[in-house]
Amino acid sequence: MQRRKVTFKLYPNAAQSERLEQWVRLHCELYNAALEERIDAYRKTGKSISYYDQQNILPEVKALRPELVELGSHALQQTLRKLDLAFQAFFRRAKAGQTPGFPRFKSSKRFSGFSYPDPAGWKML
């Protein structure tokens, strides 16, 4: 089965627009928290945290932050994957002797958005 990336242009009303902005802020918070967790773990123990370690903690995070439940597990996992790809690119550039560019914390205005990889789709009410 061939996979394709599809991008939709949305025309939300005011309530939907606010909700989408809230979702982007939540994804941004998750990204920044995961980045902080990786940095702290490396500073304290000298070991790095993998994507799978962070993915396995997501149910506990959702129990502590119930507003994340509405976003869906797959979308949250994609946000963690985005951070993992940033780290992979950082280490690849560092190994090649280029200027590495460590992954940065992002504000919600500079966060590029979120993706929803589930082929079943989603619905915004």
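Yes/no per residue for (1) farther than 25 Å from Glu21 by Cβ; (2) assigned to a loop (DSSP other than H, G, I, E, B); (3) open to solvent by less than 60 Å² (accessible area, probe 1.4 Å):
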| site | (1), (2), (3) |
| --- | --- |
| Lys47 | yes, yes, no |
| Val61 | no, no, yes |
| Val69 | no, no, no |
| Gln78 | no, no, yes |
| Phe87 | yes, no, yes |
| Ala94 | yes, no, yes |
| Gly97 | yes, yes, no |
| Pro103 | no, yes, yes |
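Filtering region 60-107 to residues that are among the acidic types (Asp, Glu) and closer than 14 Å to Arg38 by Cβ leaves only Asp84. Whenever a residue of region 24-49 is closer than 19 Å to Gln77 by Cα, its partners that are open to solvent by 90 Å² or more (accessible area, probe 1.4 Å) and outside any helix (DSSP H, G or I), lying with C-beta atoms within less than 7 angstrom and at least six residues away or across chains, give the pairs Asn32/Phe105; Leu35/Phe105; Arg38/Ser48. Among the residues that make up region 85-106, is at least one of them within 28 Å of Arg4 (Cα to Cα) and of a type in the set (Ser, Thr, Tyr)? The answer is no; no qualifying residue exists. In the set Asn56, Asn32, only one residue is open to solvent by less than 50 Å² (accessible area, probe 1.4 Å) and either out of contact with any Pro (no Cβ under 9 Å at 6 or more places or on another chain) or part of a helix (DSSP H, G or I) (or both); that residue is Asn32. Touching a helix residue (DSSP H, G or I) at 6+ places or on another chain (Cβ under 6 Å) and either under 24 Å from Arg110 (Cα atoms) or part of a helix (DSSP H, G or I) (or both): is that true of Gln22 in this structure? Here the answer is no, as Gln22 does not meet what is asked.
The values are calculated or read from the model by the stated rules, or taken from the named source; none is laboratory data. Since this is a predicted model, take the numbers as computed values, not measurements. Heads up, the Cβs are rebuilt from the backbone with ideal geometry, glycines too, and the neighbour counts pull from every protein chain shown. SASA here: full protein model, heavy atoms, side chains in, ligands and nucleic acids out. Shrake-Rupley method; radii C 1.70, N 1.55, O 1.52, S 1.80 Å.
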